[in-house]
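Have a look at the structure below, then the notes.
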Amino acid sequence: MTADLFDSSSDVRPSRETMAEGAVLLRAFARPIERDLIAALRDIAAQAPFRHMVTPGGHQMSVAMTNCGNAGWVTDRSGYRYDAADPESGKPWPAMPSAFRALAGQAAAQGGFEGFAPDACLINRYQAGARMSLHQDKDERDFENPIVSVSLGLPAIFLFGGLKRADKPRRYRLEHGDVVVWGGPSRLFFHGVAPLGDGEHNLLGRQRINLTFRKAH
Ligand code: MD3
Ligand code: FE
C-alpha cells in the first residue's frame with residue numbers, strides 16, 4: 001500500500017509512541033473527529049472568548065486562553081487556580097462537549113488510564129511567536145489522574161524535561177491531531193512550548209490550538 005496522494009502530511013495514520021514512563025504519544029488520534037472538535041471550539045470561543053491572562057508576577061501571557069467544563073484554569077495577580085466561573089463574564093464556563101469528553105477518555109484508556117473523567121479543559125491558542133516557558137502542572141488536587149493534550153492547527157515544538165527544572169528538555173514536534181497522555185511518573189515533569197512559527201493550516205489558519213484535559217477536583 002502507498003500513502004494516499006491527498007494526504008499532504010506524512011502522519012495521518014494513527015500510531016503510538018512512549019515518550020517516558022507514563023507519557024504516551026498517539027499521533028493523529030484526533031484526526032477522525034477534527035471537524036467536530038473545531039466546530040465545538042468555535043462555539044466555546046463565542047461564549048467565552050480567548051484572552052491573554054496575567055501571571056501572578058504581572059506578565060501578560062503570549063498564549064491566549066479559554067476553558068470549558070465545570071472548572072476552568074485561570075491566572076491573575078492573585079495566583080493560579082481553577083474557577084467554576086469565567087472571571088470576564090461571571091458566568092459558568094461553557095459545558096464540556098461530549099466529543100471532547102469521549103476523546104479524552106478514549107485517549108487516556110489507550111495510555112493505560114481507564115476511567116479518566118476530566119472536569120476541566122483548558123484551551124490554549126498560539127499565534128506566531130507565542131510560547132509557554134518550562135513549568136509543572138501542579139494546580140490539580142490529585143496527581144494520580146493523567147492530563148490529556150490534543151494539538152490542532154499549526155505544528156509546535158514541545159519541550160519535555162524531567163522532574164527537575166534543570167533537566168535538559170527533549171524536543172517533540174506536535175502536529176494537528178496528535179494526542180498525548182501524561183500520567184504516572186511523567187505527570188509532574190517540566191514542559192513547555194517553543195515560540196510558534198508562522199504558517200497556514202488548512203482548517204485553523206495561522207494558529208495552533210491545544211486542548212488540555214484535567215481532573216482539577
Ligand atoms: C507534560 N500546554 O496548558 S500540552 C499547559 O501545548 C501546557 O499548550 C502545552 O503545558 C500546550 O499547561 C503543552 C502538553 C502537556 C500538558 C500537561 C503536562 C504536557 C505535560 C503535564 C505533565 C507533563
Ligand atoms: Fe502545562
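For this structure, a couple of remarks:
- When VAL193, VAL12 are compared by accessible surface with a 1.4 Å probe, the order from highest to lowest is VAL12, VAL193.
- Comparing ALA39, ALA107, ALA85 in a Gaussian network model of the chain (Cα springs below 10 Å), the most mobile by mean-square fluctuation is ALA39.
- Relative to the current alpha-carbon distance between ARG51 and LYS138, full extension at 0.36 nm per residue lengthens the span by 29.1 nm.
- Computing FRET efficiency as 1/(1 + (r/R0)^6) for ILE38 and ARG173, where r is the C-beta to C-beta distance and R0 is 30 Å, gives about 0.90.
- Within the listed set GLY153, GLY197, GLY183, the Gaussian network model of the chain (springs between alpha-carbon atoms below 10 Å) gives the highest mean-square fluctuation for GLY197.
- Close amide H partners of ALA84, meaning residues 5 or more places away or on another chain with modelled amide H under 5 Å apart, are GLY72.
- Approximating the spin labels as points 7 Å out from Cα along Cα→Cβ, the HIS217-to-ALA95 distance works out to 1.7 nm.
- Couplings for the stretch 125-131, taken from phi via the Karplus curve 6.51 cos²θ - 1.76 cosθ + 1.60 with θ = phi - 60°, read 10, 9, 10, 3, x, 5, 8 Hz in order; Gly and Pro are left as x.
- Which of TYR80, TYR126 is most accessible, then next, and so on - probe 1.4 Å: TYR80, TYR126
- Bridgeable lysines around LYS215 (alpha carbons under 18 Å apart, same-chain partners fewer than 8 residues away excluded): LYS138.
- Overall dimensions of the stretch 15-214 by Cα: Rg and Dmax, Å: 15.5, 42
- Rolling a 1.4 angstrom probe over the chain with all protein chains present gives an accessible area of which 51% lies on carbon and sulfur atoms.
- About its Cα centre, the stretch 9-159 has a charge dipole of approximately 460 debye under the convention of +1 per Lys or Arg Cβ and -1 per Asp or Glu Cβ, with nothing else charged.
- Loop-located trypsin sites (Lys or Arg not before Pro) in the stretch 70-156 whose Cβ has at most 16 other Cβ within 10 Å (DSSP): ARG77, ARG131, LYS138, ARG141
- Accessible surface comparison of LEU174, LEU159, probe 1.4 Å, protein chains only, largest first: the order is LEU159, LEU174.
- Average Cα contact separation per residue, the chain, under 8 Å, 6 or more apart, as relative contact order %: 24 percent
- Backbone phi angles across the stretch 142-150, fed through the Karplus curve with coefficients 6.51, -1.76 and 1.60 (θ = phi - 60°), yield HN-Hα couplings of 9, 7, 6, 7, x, 10, 10, 10, 10 Hz in residue order; Gly and Pro are listed as x.
The values are calculated or read from the model by the stated rules, or taken from the named source; none is laboratory data. This structure is a prediction, so every number in the text was calculated from the model and none was measured. In this analysis, Cβ positions are derived from the backbone assuming ideal geometry, glycine residues included, and neighbour counts consider all displayed protein chains. Side chains included, ligands, DNA and RNA excluded: accessible areas come from the protein's heavy atoms. Shrake-Rupley method; radii C 1.70, N 1.55, O 1.52, S 1.80 Å.
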